[in-house]
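Take this structure, written in structure tokens, and hold onto it; I'll ask about it next.
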Amino acid sequence: MFDYLIVGAGFAGSILAERLASVENKKVLLIDKRSHIGGNAYDHYDNEGILVHKYGPHIFHTNSKEVFDHLSRFTEWRHYQHKVLADLDGQQVPVPINLTTINTLYNMQLSSAELEGFFATRAEDVGLVRTSEDVVVKAVGRDLYNKFFKGYTQKQWDLDPSELDASVTARVPTRLNKDDRYFTDTYQSMPLNGYTRMFEKMLDHPNIKVMLNTDYSEIMEIIAFNKMIFTGPVDEYFDYCYGKLPYRSINFKFETLDKEQFQRTGTINYPNDYAFTRITEFKYLTGQKHHKTSVVYEFPTAEGDPYYPIPRPQNAEIYRKYKLLADQSDTYFVGRLATYKYYNMDQVVAQALSTFKKIQAETVERPIGSDVVAMVSH
Ligand code: FAD
Ligand code: UDP
């Protein structure tokens, strides 16, 4: 008899498994339908011995000391600040758009103060900011929007930015200085020996049993457990009773090249050319030394594993219905797919830690198994 069945061995499921096992001394069965732990953050050594991320580049960054300290129990870190260039108009310029981007693109010598004025003359008054188009044209105007965001977003989501919530392109800021880091969070580091090693350490506990290659529907009826935590797609859990929630998927194309370095920085975005959105060279992220190099191309697609919830009003409306069911259910729903949120890894860790606190509080009020005892004693 397990105290908890946890479906999904990504960040959400693994963080909760470890907390429940080591703090609450609960017996946990953690299952995943894939052949490995780590969820979308899984990494492994490819045929040439280069560490790659199977589900696309994963760069860890957070402003939360709690999240960083928590993960630090399971890994040492390698300090890494990710940089991205956009390949457009025959040049490669920094993203997020900054002073260098504008001066290079338009062959100018603006100062930061002048750049503010430059943006102000181009910015459009869009009124209330609702969409991913509004965010960008309000900040930098239509020309830069067309160059950097319109085509990339169309490829990534198969939607025009005007059809997506503002939160999507708002992930990428605009800068008046020369700061060319993709993220500016307080903590920016990669797990020193990779994500998978970190997950292995997290799950190495006598109270945790891991079962891979197992869909939860195969074992639900044959394994005894008290409570369930679900981190897969919420619409699947409820048999799509309100219809399918749209998710965006990606085909990853990996290549190993017989040269030490392929491109100028960790990621190069291709907003307007090619069917792929970006190319990432893993050795920048991992710091690995190797005479060859491995890269991944990302080709967005509608079919395939669900990777990205699609933030737009009609999808929020479908999710709202599922959330009502989830709130009434005995199961806990945690993570990017189960709560239909475009969350980064650190946000999922934070969500899992707060779910753990909620479970602790509820268990104090009503200990697990108390229903059974009550039935027996009547
Ligand atoms: P997942 O990692 O998806 O784990 C859910 C698990 O549940 C999966 O392993 C799945 O197999 C399993 N599962 C689903 N259904 C079932 C079932 N029926 N039975 C059994 N098991 C099931 N975040 C960052 O912070 N930085 C980045 O640079 C970054 N880059 C990203 C790049 C890409 C291409 C993608 C797709 C995501 C990226 N993310 C990044 C986001 C990050 O992947 C997620 O925030 C995080 O992995 C979500 O963890 P999770 O546990 O919620 O979900
Ligand atoms: N985006 C864009 N051009 C870029 C980078 C990002 O249009 O050069 C938009 C695009 O819609 C993308 C979103 O901003 O999906 C968020 O970008 P981010 O790099 O955060 O995406 P992720 O790493 O989550 O795929």
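The values are calculated or read from the model by the stated rules, or taken from the named source; none is laboratory data. Fair warning: this is a prediction, and the values are worked out from it, not measured in the lab. Cβ sites come from the backbone with ideal geometry, for glycine too, and all protein chains shown count toward neighbours. Accessible surface areas use protein heavy atoms only, side chains included; no ligands, DNA or RNA. Shrake-Rupley method; radii C 1.70, N 1.55, O 1.52, S 1.80 Å.
List the pairs whose first member sits in the range 137-161 and is over 15 Å from Glu124 (Cα atoms) and without any contact (Cβ under 8 Å) to a residue 40 or more places away in the chain, whose second member is assigned to a helix (DSSP H, G or I) and more than 9 Å from ligand 2 (Cβ to nearest atom), and whose Cβ atoms are under 6 Å apart, counting only residues at least 6 apart or on separate chains?
Pro161/Glu133
Yes/no per residue for (1) within 16 Å of ligand 1 (Cβ to nearest atom); (2) under 27 Å from Glu48 (Cα atoms); (3) in contact with a helix residue (DSSP H, G or I) (Cβ under 7 Å, 6 or more places away or on another chain):
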site: Asn207; (1), (2), (3): no, no, yes
site: Asn226; (1), (2), (3): no, no, no
site: Asp239; (1), (2), (3): yes, no, no
site: Ser249; (1), (2), (3): yes, yes, no
site: Lys253; (1), (2), (3): yes, yes, no
site: Thr267; (1), (2), (3): yes, yes, no
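Could you tell me whether the range 213-222 includes any residue that is within 16 Å of ligand 2 (Cβ to nearest atom), open to solvent by 40 Å² or more (accessible area, probe 1.4 Å) and either within 30 Å of Arg78 (Cα to Cα) or without any contact (Cβ under 8 Å) to a residue 12 or more places away in the chain (or both)?
Step one: list which residues in the range 213-222 are within 16 Å of ligand 2 (Cβ to nearest atom), which gives none.
So far as the range 213-222 goes, no, none of its residues is within 16 Å of ligand 2 (Cβ to nearest atom), open to solvent by 40 Å² or more (accessible area, probe 1.4 Å) and either within 30 Å of Arg78 (Cα to Cα) or without any contact (Cβ under 8 Å) to a residue 12 or more places away in the chain (or both).
So, one more: Name the strands (runs of 3 or more DSSP E) wholly within the range 1-61 that hold at least 2 residues that are more than 14 Å from ligand 1 (Cβ to nearest atom), touching an Asp or Glu at 6+ places or on another chain (Cβ under 6 Å) and among the aliphatic types (A, V, I, L, M)?
Hits in the range 1-61: none.
Any residue in the range 32-60 that is under 17 Å from Ser14 (Cα atoms) sitting within a Cβ distance under 6 Å of a residue that is of a type in the set (S, T, N, Q) and in a loop (DSSP other than H, G, I, E, B)? List the pairs, counting only those 6 or more apart or interchain.
Taking only residues 6 or more apart or on different chains, the pairs are Ser35/Asn213.
Select from the range 16-58 the residues that are open to solvent by 30 Å² or more (accessible area, probe 1.4 Å) and touching a Lys or Arg at 6+ places or on another chain (Cβ under 7 Å) and write down the one among them that is nearest to ligand 2 (Cβ to nearest atom).
Tyr42
Next question, about the same structure. Give me the pairs: first residue in the range 282-305 and open to solvent by 30 Å² or more (accessible area, probe 1.4 Å), second residue not small (Gly, Ala, Ser), beta-carbon distance under 6 Å, and six or more apart or on different chains, which are they?
Qualifying pairs under 6 Å: Gln288/Leu51; His290/Ile50; His291/Glu260; Lys292/Glu48; Lys292/Thr256; Lys292/Asp258; Phe299/Asn251; Phe299/Phe276.
Tell me, which helices (runs of 4 or more DSSP H) wholly within the range 270-378 include 1 or more residues that are modelled with pLDDT of 95 or more?
Working: elements: 282-286, 313-328, 345-365, 370-377.
Per the criteria, 282-286, 313-328, 345-365.
So that you can scan it fast, the table gives a plain yes or no per residue for (1) within 26 Å of Ile250 (Cβ to Cβ); (2) of a type in the set (D, E, K, R); (3) loosely packed, with under 14 Cβ neighbours inside 10 Å:
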{"position": "Gln81", "(1), (2), (3)": "yes, no, no"}
{"position": "Asp87", "(1), (2), (3)": "yes, yes, no"}
{"position": "Met108", "(1), (2), (3)": "no, no, yes"}
{"position": "Arg122", "(1), (2), (3)": "no, yes, no"}
{"position": "Ser132", "(1), (2), (3)": "yes, no, no"}
{"position": "Val136", "(1), (2), (3)": "yes, no, no"}
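Continuing with the same structure: Mind counting the residues in the range 59-80 that are within 16 Å of ligand 2 (Cβ to nearest atom) and either more than 21 Å from Ala170 (Cβ to Cβ) or more than 18 Å from the chain's Cα centre (by Cα) (or both)? Let's see the steps before the verdict.
If we filter the range 59-80 for residues that are within 16 Å of ligand 2 (Cβ to nearest atom), which is where we start, we get 59-63, 80.
The next check asks that each one be either more than 21 Å from Ala170 (Cβ to Cβ) or more than 18 Å from the chain's Cα centre (by Cα) (or both); those that pass are 80.
Selection size over the range 59-80: 1.
Do we have Phe199 as open to solvent by less than 20 Å² (accessible area, probe 1.4 Å), on the phi < 0 side of the Ramachandran plot and not in a loop (DSSP other than H, G, I, E, B) here?
Details: open to solvent by less than 20 Å² (accessible area, probe 1.4 Å): yes; on the phi < 0 side of the Ramachandran plot: yes; not in a loop (DSSP other than H, G, I, E, B): yes.
The answer is yes for Phe199.
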